[in-house]
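Remarks on the structure that follows.
The values are calculated or read from the model by the stated rules, or taken from the named source; none is laboratory data. Note that this is a predicted model, so its numbers are computed, not measured. With ideal geometry, Cβ positions are generated from the backbone for all residues, glycine too; neighbour counts draw on all protein chains shown. Protein only, heavy atoms only, side chains kept; ligands, DNA and RNA dropped before computing areas. Shrake-Rupley method; radii C 1.70, N 1.55, O 1.52, S 1.80 Å.
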Amino acid sequence: MQQTEPSNTVRKEIKSQYFTLLGVLIIILIFYFLWRPLNPERTAYIPLNQQVQTTVLENVVVGNASIEIVEDSSVTDANEVVESSDQPEDEIVKDEIDQVIDQDDNTVQYTVSRGDTLYGIMMRYGVNRSDIYLLTDQYKQLANLRIGQQISWNTDAEHNLTSFTWIISSNNVRIYERSGDKFAERIETREGIWKPFNISGEIGSNFVVDAKNLGLTSSEIATITKALQWQFDFRRLQKGDKFSVLFSREMFDNKHENSQLLAVRIKNGSKDYYAILADDGLYYDMNGGSLSQSFLRYPLVKQARISSGFNPRRLNPVTKKVTPHNGVDFAVSRGTPVLSVGEGEVVIAKYSGSAGNFIAIRHGRQYTTKYMHLDKILVKPGQQVKKGDQIALSGNTGRSTGPHLHYELHIDGKPVNPLTANLPVSEGLTGKSKTTFLEQFKEIKPKLQFSSEKKPDTASDVVANNVTK
Ligand SMILES: [Zn+2]
C-alpha cells in the first residue's frame, strides 16, 4: 500500500499554526524583558493579598472568633521582600510624662498578671525564642511566677536575652545573666525595712516637676500616672490642684531603693480621683471599681486573614539586617472600615512617607496604637475617639504592594504583639475581695486627706514633714 502524503493545505495549516505560536512566544518574551526592569518593586515584592504558603504558629481566641497567626514562609526566600516598609516619617512627640514612663533603653519591666507564662510574656515583646527556652530549661523554678510579681529583662539589639530579674520578694531577688551558652543565677537576699511614706502637695507648674520637688522618684511618678491614666489627663492638671500619695518604701541605711504605691488621691478642680492598691496587685477606685478602659483585640469589625505577623526579629533576606515588623498585617480589601481599638486622642493623622496615610492614637499614658497604608483618614489630630469608632478606611498607600492594614500596639513606648498582649480589662472587684478592699480603704482614706481638710487635733501628723531624700 502506498502511503498518502499530507496534502498541501494540511501542510500550510501546520506551518501557520507553528508561526502563530512562535509569534506569541516572542511577544511574551519582549513584554517580560521590557516590563521587568521598569517595575522593580512589582517584581521584588509579593503582593500581600496573594496566597502564600504559611505555617500556623498559634491560634488566638478573640471573643468567640479565633485568629490564626501565621508566619509568612516567603520571608525566608532570599530574593523576595514581602513588605516594603512601615516606617512613618512622623513620630509621636514625647512629653515629660512619657519620659518618666517610657523605657527607652532595652529594659522591659513587667508585672505578672493572671494567665501569664514567662514564655508568653517574653514572646509578646519579641525576645529570641531560643533564649527563652535556654533560660526556662536551665531554671525550672521560673515556672512559678506569681500574679503581682515584678520581672524585668534586657535584650541586645538583636533581641537576644542578656539578663533577667525576678523579684520574688524584697529580700529574694533572682538575677540571671547570660554568659556564653548559659545563664548564671545570682540571689540577692538583702533586706531593708519597709516604711510608710506619705506626702501631699499642690500643683505649681506641672505634676512631674512638683512631685520630684517633694522627693518622689521617676519610677514612683510613673506608677502614679499609670494607675490614674484612664481617669484624667495629667497634662490638664491646673495650678492649685492637689495630690496626696501613700507609698511603702524599703529603706537601706536611710536610703530607699524599692517602693510600692499603696494609694493616691488627686483633686482636679472639684473632682476627686483615687487609685488604691488591692491584694491582686491592681489599682481600683474608692468603691473597688475598675480604673481601666477595655480594648478591642483588633481594629476591624470582622476578623481577617493575617498576611504577616508581629516579628521584631525579622531578617531582611536581601540586606541581611534585622528589619523589625512591629505590627500585624491584616489582609483586607481597600475601603474596609478601620476602628480605634480603645478610647483615646488622635495624635497623628496624615500622609507619612512609606507608612502612607497614617494614624497614631494615644490611649491613656501607656498605650499607643498605629494604623498604616490607609486609603482614607476620617479623624483629625487632637480629636477624642471612643473604642470602636471608625477612624479610617483601609487601603494600599505608601510603600505597600497590596491592600492591607498594618496595625501596631505599643506599651510603655515598646512595640508588642497586639494579638497576644495583655490588654487592660475593666472589671471591678466583687464578693469577698471587694469587702476586704473596702475595709482596707477605710483605714487608708484619712491618710490621703489634704491639710486643709484636717481637723486641728490631727494637724500634728502633717504629712509633708515625712519627706525622706
Ligand atoms: Zn506590616
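Taken over the range 327-344, the residue count meeting the criterion of being of a type in the set (D, E, K, R) and either open to solvent by less than 50 Å² (accessible area, probe 1.4 Å) or within 15 Å of the ligand (Cβ to nearest atom) (or both) is 1.
For the range 296-326, the set of residues classified as of a type outside the set (D, E, K, R), open to solvent by 20 Å² or more (accessible area, probe 1.4 Å), at pLDDT 90 or above and away from the ligand (no atom under 14 Å from the Cβ) consists of L296, V301, listed by residue number. Yes or no: A222 within 31 Å of the chain's Cα centre (by Cα), open to solvent by 20 Å² or more (accessible area, probe 1.4 Å) and not acidic (D, E)? No, not satisfied. When you check V347 against the structure, is it aliphatic (A, V, I, L, M), within 26 Å of V127 (Cβ to Cβ) and surrounded by fewer than 19 Cβ atoms within 10 Å (Cβ to Cβ), yes or no? In short, no.
Residues in the range 350-364 that are touching a Phe, Trp or Tyr at 6+ places or on another chain (Cβ under 9 Å) and either under 14 Å from G382 (Cα atoms) or open to solvent by 10 Å² or more (accessible area, probe 1.4 Å) (or both): K350, Y351, N357, I359, A360, I361, H363, G364.
Scanning the range 186-211 for residues that are surrounded by 15 or more Cβ atoms within 10 Å (Cβ to Cβ) and within 18 Å of Q99 (Cβ to Cβ) returns N206, F207, V208, D210, A211. Within the range 126-139, the set of residues being surrounded by 19 or more Cβ atoms within 10 Å (Cβ to Cβ), more than 14 Å from F183 (Cα to Cα) and at pLDDT 90 or above comprises just one member, V127.
The single condition among (1) in a loop (DSSP other than H, G, I, E, B); (2) over 23 Å from S248 (Cβ atoms); (3) open to solvent by 50 Å² or more (accessible area, probe 1.4 Å); (4) among the charged types (D, E, K, R) that D116 does not satisfy is (3).
Among the residues of the range 150-166, those identified as touching a strand residue (DSSP E or B) at 6+ places or on another chain (Cβ under 7 Å) and either crowded, with 17+ Cβ neighbours inside 10 Å or within 14 Å of D105 (Cβ to Cβ) (or both) are I151, S152, W153, N154, T155, D156, L161, T162, S163, F164, T165, W166. Applying the set (1) in a loop (DSSP other than H, G, I, E, B); (2) open to solvent by less than 20 Å² (accessible area, probe 1.4 Å); (3) of a type outside the set (D, E) to Q293 leaves exactly one unmet item: (2). The combined condition, being hydroxyl-bearing (S, T, Y), over 27 Å from T223 (Cβ atoms) and either in contact with a helix residue (DSSP H, G or I) (Cβ under 6 Å, 6 or more places away or on another chain) or crowded, with 19+ Cβ neighbours inside 10 Å (or both), is not fulfilled by Y283. Determine whether D241 is modelled with pLDDT of 90 or more, acidic (D, E) and within 16 Å of the ligand (Cβ to nearest atom). Considered against the rule, which asks whether it is modelled with pLDDT of 90 or more, acidic (D, E) and within 16 Å of the ligand (Cβ to nearest atom), D241 comes out as no.
Flag not set for V347, criterion: within 19 Å of G398 (Cβ to Cβ), more than 16 Å from the ligand (Cβ to nearest atom), out of contact with any Phe, Trp or Tyr (no Cβ under 8 Å at 6 or more places or on another chain) and not in a strand (DSSP E or B). For the residues L277, L291, the requirement of being more than 16 Å from the ligand (Cβ to nearest atom), without any contact (Cβ under 8 Å) to a residue 24 or more places away in the chain and touching a helix residue (DSSP H, G or I) at 6+ places or on another chain (Cβ under 9 Å) singles out L277.
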